[in-house]
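A.B. asks: Dumping the structure here so I can ask a few things about it.
Please treat every number below as a calculation from the coordinates, not as lab data. All figures in this text were calculated on a predicted structure; none of them were measured in a lab.
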Amino acid sequence: MKIILIILGVILIAFSAIQLFAMSTQNDIETYSYTVVKKYDSFEIRKYEATLFTAVKMPSNKYNQASRKGFSILAGYIFGGNDRNEKIAMTSPVSMSLEDSMTMMFMVPKNLSKDSLPRPNQSQIEFKVEPAKTVAAITFSGWANDKRIQAHKAKLKSALDREGIAYTQRFSFLGYNAPYEMVNRRNEVIVELEAKEKAVPTAAE
């Protein structure tokens, strides 16, 4: 019994250390920055600037399958799988388009450009500039899966419909945490708004 308690204690200490490390490193990761235009009860309107991403298109539209494969490919590139064996800083969040074929994207650090990036070893990786856009975003915690993503996508659509805000069908999932992070997990579903909605007034207005 004593040995079991010791083993459990070691596991608990290791788990706590990993989570503390994850929380400390989160603050050092560059993020896909945005400006909040207006907050509603269950969602908010944001503006994003044009941003460069590395991207890979997956044949599946199933989150678990596409996220594992896509993450492996893009992580391989930034961890040295390129013509210069060069490591590139991880950024947050990981983006996945919610389409018939999902595209996973990692934001390129702002200090790098398309011309300065090393060439990927895997030909399916491409560099993509995501244009400036206005989106609606809904946030949820815990672990993401197909069911939860679709549920929050439906919740966001219903909320936008109630507010009379027109939106496109360009939905994406944003995941902010590494796989080993167990607490304070943050996930979002966003959708680009129609052009006429891009001048949404702020809460102060």
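A.B. asks: Rounded if a/c is under 1.5, else prolate if a/b is larger than b/c, else oblate: which is the stretch 37-90, with a ≥ b ≥ c the root eigenvalues of its Cα gyration tensor? Mind dumping the intermediate values first?
C.D. replies: On the way: a/c = 3.18, a/b = 1.62, b/c = 1.97.
The shape class here is oblate.
A.B. asks: Hey, which of these cross-link pairs are over 21 Å Cα-Cα: Lys69/Lys155; Lys57/Lys110; Lys133/Lys153; Lys62/Lys155; Lys87/Lys110; Lys69/Lys133?
C.D. replies: Values: Lys69/Lys155 28 Å; Lys57/Lys110 23 Å; Lys133/Lys153 18 Å; Lys62/Lys155 19 Å; Lys87/Lys110 15 Å; Lys69/Lys133 27 Å.
Over 21 Å Cα-Cα: Lys69/Lys155; Lys57/Lys110; Lys69/Lys133.
A.B. asks: May I ask you to derive the relative contact order of the stretch 94-205, considering only C-alpha pairs under 8 Å and at least 6 residues apart, and to give it as an integer percent?
C.D. replies: Working: 128 pairs, mean separation 36.5, N = 112.
Relative contact order, the stretch 94-205: 33 percent.
A.B. asks: Which of the aspartates and glutamates could be linked to Lys47 by a straight reach, that is with a Cα gap under 16 Å, when you skip same-chain ones fewer than 8 residues away?
C.D. replies: Straight-line reach from Lys47, under 16 Å: Glu130, Glu188, Glu192, Glu194, Glu197.
A.B. asks: Excluding same-chain residues fewer than 8 positions from Lys39, which aspartates and glutamates have a Cα within less than 14 Å of its Cα?
C.D. replies: Here the aspartates and glutamates satisfying the reach criterion relative to Lys39 are Glu163, Glu205.
A.B. asks: A further question follows. One-quarter of the Cα convex hull surface for the stretch 2-197, in nm²? Before the final figure, lay out the partial values.
C.D. replies: Details: hull surface 53.6 nm².
Quarter of the Cα hull surface area: 13.4 nm².
A.B. asks: Which residues' amide hydrogens lie under 5 Å from the amide hydrogen of Arg186, considering only partners 5 or more residues apart or on another chain, with H built in the peptide plane?
C.D. replies: Distant-sequence amide H within range of Arg186: Tyr176, Asn177.
A.B. asks: Another question, then. Each residue of the stretch 134-142 in order: what ³J(HN,Hα) in whole Hz does its phi give by Karplus 6.51 cos²θ - 1.76 cosθ + 1.60, θ = phi - 60°, with x for Gly and Pro?
C.D. replies: The phi angles translate into 10, 10, 9, 10, 10, 10, 9, 9, x Hz.
A.B. asks: Follow-up. Out of all DSSP beta bridges with both ends in the stretch 2-197, state the antiparallel percent to the nearest 5.
C.D. replies: Values: 40 of 42 bridges.
Close to 95 percent.
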